[in-house]
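The values are calculated or read from the model by the stated rules, or taken from the named source; none is laboratory data. All of these numbers come straight from a predicted model, not from anything done at the bench. All Cβ positions, glycine included, derive from the backbone under ideal geometry; neighbour counts span all protein chains shown.
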């Protein structure tokens, strides 16, 4: 057995402690708070981005879950993991979700920071986000405009390709749709996933089992914020309407409502505000 | 190469044919622009109509039609009106105030247009006096009586989230014992401009390239509604408040209200009306300064042919499409002051080209717009006119159809209007408030909320296409802007944009050519 000197042992201990407390070995720190968003101007050719100041730190607010961006005149609930070293809007990124607190107006949330050049803007060219084939066609048309101005009236942004046919064997499909606090509006990307599930069911047949939940969030200051009573039911009603509108008959789905808020832990509480969908293919 | 040649040949032939049609069929069109119901006239393949800035052109892709018995043009109801009464070809299939005033002078107020039911401020007023028709004569506004509480929408009962109180009633109609909110028929009278019935094929196309919002309503991420007559998913671009989802539905509603028809229009009539509306395309075709807007040297997005060839319901806010296509052929780098003196035409064209660029490139903070900033876009949202609410290729309406409160109806943004009724909306405590105005809102027109009963919808209306603007002043649903300069000034003030005088002039020049 190797024996270390007291000074070496101390050094090792310090290194381990430093690594642990710096957050680079430990999982990222979870955070949840409600505050005023601050808009930051990042140049004449860009949309604004949003930050929030909380407990002496500044965080970049990024909404990965579709369109749910912060709003001045309203507070925002921020839930997620602090990603040290990753910057959004010139501040430390929080990977998680945002919920605009729409129930009440907060006139004090009204700050826009002027552009100071500190945040580099991304290229806003929509074409760069398109599939390669579409992008090449768009660039080709752009090259033609000088000689043939009518090319500028041809479509440059196309519908996505239809979902491909699904082949057996059909297997159970699961999907969670998450919602902002006290909201029943789905996000665009998750709606696309739901559309795929319905497309899948057209081939596989089967039954949808839907469970609707509402949640609570434990904030960093210890306060627990519960969604309003009946939220799970409202989500379920809206989802049933959605399925019906999308051509799923009532006999092909069942919905269970979980009326009690799932208990808050302070870690990933936003995941409890959801509708879970399971498609069990026909035998 | 061959395809390109064919395209050019086709375009040239179409233009020649159009010109020939004008020459043959339409020689008298400009001298007699008012179209009375039942006029024994032919609606030609191509026609042009004079307005203050030039001429508005309409292409009727199905070819000439005899209108004497056509249900769009023939008087159907007891008041002698037809669809064409309020959707005049000379006015981009809408109705301008100058035309309305001329019609009053020509007929001494006896034209069916001025029918008591909605061509006057209230049917209970003494008819035939200009003051009883002041909203129509001065602002081009037609009275719309909306049931209160709202009728079932899409078959679903509506429980309003708010109460409504009449604060001021200059027309007398909202407190009228026969026509008002407390009358047996309980109606809210609002006053709106007739929307242009042109380029309807574009308005009825579901949006492309914005998945999943080609089939979903952006505001609540629920499926777009289905037309009651077709069962097919439809956008909601047709009417200011979205109550009429399809041309047939709109025509049915209009016939029963504006035409005072006792029975619904027949299926054949509705088919004919919808077919006609879907086959006509229009835009300004000649400008008094720029000349022929359809010439090969003009920007390809100008003139009615652009609407025929342009793909429908596409995003235009990208480097290729630039909303209304390329305008660089009119751009000028010459010294401005010299040009104005030497060549007014060239200077005007350069101004239009600059205006198109300002329209699509100059961003500003779009803030506190109910049902816009709060549908997930963020507040503020920094966009230009063209990359924001007017992003549809060749048409300039909002592609992902959305009703929004731009401040045209609600306090504090609207222009103070003593001629319109004023309502106080009080929303229930248990519902979402209007995101920026709260639960107590003063409005001249609750807009979409009179359909959905939702507090968040108060004052919201659907954005409009931007075609034929020169032919159909005044602008906005309530006719608040008498001309394009007032329209630009409203937005400049509303969003604190800070356009320079030159930029405002450029935007006005650009818009008048559309």
For residue A:94, state whether it is surrounded by 21 or more Cβ atoms within 10 Å (Cβ to Cβ) and modelled with pLDDT under 95.
yes
Is region B:390-402 home to any residue that is under 22 Å from residue A:41 (Cβ atoms), within 13 Å of chain A (Cβ to nearest Cβ) and within 24 Å of the chain's Cα centre (by Cα)?
yes
Could you please let me know if residue A:100 is in contact (Cβ under 8 Å) with a residue 24 or more places away in the chain and within 12 Å of another protein chain (Cβ to nearest Cβ)?
yes
Selected residue [over 21 Å from the mean Cα position of the chain (by Cα) and either without any contact (Cβ under 8 Å) to a residue 24 or more places away in the chain or away from chain A (no Cβ under 14 Å) (or both)] from B:231, B:227
B:231
Scan region B:260-274 and give yes if some residue there is within 16 Å of residue B:144 (Cβ to Cβ) and either in a strand (DSSP E or B) or modelled with pLDDT of 95 or more (or both), otherwise no.
yes
In region A:125-172, which residues are modelled with pLDDT of 95 or more, facing another protein chain (nearest Cβ under 8 Å) and part of a loop (DSSP other than H, G, I, E, B)?
A:145, A:148, A:154
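Looking at B:177, B:196, B:184, B:207 in this structure, which one is away from every other protein chain (no Cβ under 14 Å), surrounded by 22 or more Cβ atoms within 10 Å (Cβ to Cβ) and outside any strand (DSSP E or B)?
Only one candidate qualifies: B:196.
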Quick check on my filter: what residues within region B:276-316 are assigned to a loop (DSSP other than H, G, I, E, B), touching a helix residue (DSSP H, G or I) at 6+ places or on another chain (Cβ under 7 Å) and within 30 Å of residue A:125 (Cβ to Cβ)?
B:297, B:299, B:300, B:301, B:310, B:312, B:313
Out of curiosity, is residue A:194 at the interface with another protein chain (Cβ under 9 Å from one of its Cβ atoms), buried (at least 19 other Cβ atoms within 10 Å of the Cβ), over 14 Å from the mean Cα position of the chain (by Cα) and touching a residue at least 40 places away in the same chain (Cβ under 8 Å)?
yes
